[in-house]
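Just below is one structure, and these are the notes that go with it.
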Amino acid sequence: MMKINSSNYLFVLLFFFILNPLYALEHHDFANDLPKGKDKKRNKGLKICVISDLNSSYGSTNYADEVKSVIGKLNEIKPDLILCAGDMVAGQKTSLTENNINSMWNSFKSTVLNPINNLKIPFGFTVGNHDASPSYLLDRTLSQKFWLENKNATGLNFVDSSNYPFYYSYVKDGVYFISWDTAGARMDPELYQWMEEQLTAKQAQKAKLRILIGHLPLYAIVDSKNKVGEVNEDPEKALNFFKKHGIDLYISGHQHAFYPAIKEGIRFLNAGCIGDGPRKLIANPAEAVKTYTIINIPKRKSLNFTYKTFDAKHNLEIDVKSLPDSIAGFNGISIKDIK
């Protein structure tokens, strides 16, 4: 039997853990993301799990393995809040009947909402084009019916829910959240008026952070969505509104690709999908993967919040350095957020 002296042993350890970092990523211990010992409660910030685009093909009541895997992992991740950037069911098709659509929502409830509710984790969401497209009245009506019936299951501390589930506000641990209705590209003037009322109120002004979540992004980052109708119809108006009213982070879905961006001081999280159809970034050859993101907001200096984004299939952390420095879409350039 070969003997290993101490110097050889150290070399083996260095090779295994330094030159093979995927081991550490593959066996990520989410408990290590939390403070330890006596400092745990005192220094605990806000931990948010962001998911998006859960749906499979039109009319499907089945969810991909990655959806079930991420939901099953929540008890290990232990987030304080879950945010979903839309497309929870697979609507937006005229042939779907009321029974079809209700069956999809019932499947979402049993597969996603009930397990989250059993863990007593608040669930914030925004409606997507497959949930409640403005062009599909039946989808929109049944989406509203489902969420009104399950409002208590969200566990949210609402500030204003008069227009729930399409747009509404809530707070969690000193952070002010707004879900706005971007299931379509056009923003109604009354939506901006309502948001201005929310963001100029004392509670929003005093908040540690102001986070907005909507389905459609401001700027295109994938080829198939690099066109009119797939992004906000007036991104410059939206960006100026964000700057004027102190939005710190805008979370969106729809593009099925993860990309953290920053523009004129506003941070943008383009959330990847965990359902069907991950997409490659524009002009980027890297393989498309399904992802979910963990946002850690420190108790103090909340503006220094950070992301950790994971490949939903293999549970590997995505290296932000591997993403392109910028992405040029038809309606603007997204610059990588290196924070």
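Antiparallel as a % of all DSSP beta bridges within the stretch 41-336, to the nearest 5?
Bridges in the stretch 41-336 that DSSP calls antiparallel: roughly 65 percent.
Write out the GluC sites (Glu not before Pro) in the stretch 237-339 meeting two conditions: DSSP loop, and at most 11 other Cβ atoms within 10 Å of their Cβ. List each step's numbers first, then the result.
Details: sites: E264, E287, E317; in loops: E264, E287.
Filter output for the stretch 237-339: E264, E287.
Per-residue HN-Hα couplings for the stretch 180-187, Karplus 6.51 cos²θ - 1.76 cosθ + 1.60 at θ = phi - 60°, whole Hz, x for Gly and Pro?
10, 8, 10, 5, x, 6, 8, 9
At a 10 angstrom cut-off on C-beta neighbours, averaged per residue, how do the peptides 229-242, 148-161, 204-217, 272-285 rank from highest to lowest?
My ranking of the peptides, most packed first, is 204-217, 272-285, 229-242, 148-161.
Using 7 Å Cα-to-Cβ label points, what is the E287/H314 separation (nm, one decimal)?
So the label points at E287 and H314 sit 0.6 nm apart.
Between T94 and S326, what is the spin-label point distance in nm, taking each point 7 Å from the Cα along the Cα→C-beta axis?
Distance between label points: 4.2 nm.
So if I take the centroid of the Cα atoms in the stretch 72-117 and the same for the stretch 210-246, what is the distance between those two points in Å?
24
Among the listed pairs K44/K73; K145/K313; K290/K336; K172/K244, which are separated by more than 29 Å between their Cα atoms?
On the way: K44/K73 20 Å; K145/K313 33 Å; K290/K336 19 Å; K172/K244 23 Å.
With Cα atoms farther than 29 Å apart: K145/K313.
Per 0.36 nm of contour for each residue apart, how much would the distance between N304 and S162 grow if the chain were fully extended, relative to their Cα-Cα spacing?
Full extension from N304 to S162 adds 47.9 nm.
Do the sum for the chain: with -39,500 (n - 2.57) for every DSSP H run of n ≥ 4, divided by all residues, what is the mean residue ellipticity at 222 nm, to the nearest 500 deg cm²/dmol?
-7500 deg cm²/dmol
Provide the FRET efficiency to the nearest 0.05 for the I338-S224 pair, computing r from the beta carbons and using R0 = 35 Å.
The formula returns an efficiency of 0.85 here.
If R0 is 41 Å, what FRET efficiency do you get for S110 and K237 from their C-beta distance, rounded to 0.05?
The calculated FRET efficiency here is 0.55.
Against the 2.2 N^0.38 Å scaling, with N counting residues, where does the chain land? I'd like the Cα-based Rg ratio to two decimal places.
Ratio of Cα Rg to 2.2 N^0.38 Å: 1.02.
Only the coordinates and a few stated rules stand behind these numbers; no lab work does. Just so it is clear, the model here is predicted, and its values are computed rather than measured. No Cβ is skipped: glycine too gets one built from the backbone with ideal geometry, and neighbour counts run over all protein chains shown.
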